[in-house]
Amino acid sequence: MTRPDAEPLWVDDEAGPVVRPYAMTRGRARPRNGFNVISLVTATRPVLPIDVGLVPEHARIIELCQQPLALAEVAAYLRLPLNTVRVLLDDLVARQLVQIAEPRPPATLPDDSVFEALIHGLREL
Amino acid sequence: MDYENSDRGDRTILPTALKILIAGGFGVGKTTLVGSVSETQPLRTEEVLSEQGIGVDDISGVETKATTTVAMDFGRISFGDDLVLYLFGTPGQDRFWFIWDELALGALGAVVLADTRRLADCFPSIDYFEGQGLPFIVAVNCFDGSRQYSLDEVKMALNLDPEVPVMLCDARKRESSKEVLISLLHHVMKGRGLTREPESVGS
């Protein structure tokens, strides 16, 4: 997967987990949302060559989420802490560039069909 | 319609996403189990906590504040286009309950992996899930030559509710890990039969 801009990814493991995420989110340490780790993120449109106001990580999320991807997967692929991704998602949701689908609480599942589908699916693996 | 806001009305059909937690002491094989049954190598995600660990949006002195990075390994199993199961290994450090709460929210249930050589390592996980009312089973991961106790002895030592299944497994083996997950799902379904909410909203 190619990045939409030419800027090299200048962070690596040695850069440490803290400074860059805070810089990327312009100092915002805490997201406004509390999205579940399995909330599904879906982009509403492809990345454009020039997206004013987006940092490269915003564009990367849009690129990754052309198909639904869980918040935890986005964080893992971007190698960013969950809360940093949540802050970035705040921005993208505000601009309607992604949609977030929160998972349904298991207690509200109407019947056992999902469980039966999981059991069947696991047996078939 | 398994999502609250699934009315996208366009091309993408959202799958139903579900998660199961894999808990237990350090080195008991949580990531091994996740990896043996997932469709890819386990992924890793992190949460960064300040020492306070609570939601204070204080950016002054961020660079010097003591922080802790808590890593979680997880895997994904897709079933067709409409069902995705995520398996999350809980962080081994028991003091990060904040992260456990986050992971447990909306989980179907949990597998507590136990090692009979260090049975006490799984006590905090069992206490936590009992406290949360999250259904769980105990799977004794059989390391080579480590099977010193019978399942009944393990059950007694853990002081478990008699309804909680205890089974043997080999977390390295896909078939065994599958059986563990299937056992958990049966256990969760059984519990639902007893406590099912009479009606669900919005479906």
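The values are calculated or read from the model by the stated rules, or taken from the named source; none is laboratory data. Predicted model, so just to flag it, every value in this text is computed and none were measured. In this analysis, Cβ positions are derived from the backbone assuming ideal geometry, glycine residues included, and neighbour counts consider all displayed protein chains.
Worth a mention:
- Subset of region B:66-117 that is aromatic (Phe, Trp, Tyr) and facing chain A (nearest Cβ under 10 Å) - its residue that is nearest to B:Leu160 (Cα to Cα): B:Phe88
Every residue, every condition in (1) over 19 Å from B:Gly109 (Cβ atoms); (2) surrounded by fewer than 16 Cβ atoms within 10 Å (Cβ to Cβ); (3) within 14 Å of chain A (Cβ to nearest Cβ); (4) modelled with pLDDT of 90 or more, yes or no:
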{"residue": "B:Asn159", "(1), (2), (3), (4)": "yes, yes, no, yes"}
{"residue": "B:Arg172", "(1), (2), (3), (4)": "yes, yes, no, yes"}
{"residue": "B:Ser177", "(1), (2), (3), (4)": "no, no, yes, yes"}
{"residue": "B:Ser183", "(1), (2), (3), (4)": "no, no, yes, yes"}
{"residue": "B:His186", "(1), (2), (3), (4)": "no, yes, yes, yes"}
{"residue": "B:Leu194", "(1), (2), (3), (4)": "no, yes, yes, no"}
{"residue": "B:Pro198", "(1), (2), (3), (4)": "yes, yes, yes, no"}
{"residue": "B:Val201", "(1), (2), (3), (4)": "yes, yes, yes, no"}
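- Residue within region B:36-43 that is more than 16 Å from the chain's Cα centre (by Cα) and modelled with pLDDT of 90 or more present: yes
- Selection of region A:34-88 for residues being of a type in the set (Gly, Ala, Ser), surrounded by fewer than 20 Cβ atoms within 10 Å (Cβ to Cβ) and under 17 Å from A:Ala101 (Cα atoms) yields only A:Gly34.
- Region A:41-95, subset farther than 23 Å from B:Leu14 by Cα and among the acidic types (Asp, Glu), residue farthest from the other protein chains (Cβ to nearest Cβ): A:Asp51
- Boolean, B:Ser78 is modelled with pLDDT of 90 or more, crowded, with 18+ Cβ neighbours inside 10 Å and over 17 Å from A:Leu82 (Cα atoms): no
- Hits in region B:113-157 - residues which are assigned to a helix (DSSP H, G or I), in contact with a helix residue (DSSP H, G or I) (Cβ under 7 Å, 6 or more places away or on another chain) and surrounded by fewer than 16 Cβ atoms within 10 Å (Cβ to Cβ): B:Gln132, B:Ala157
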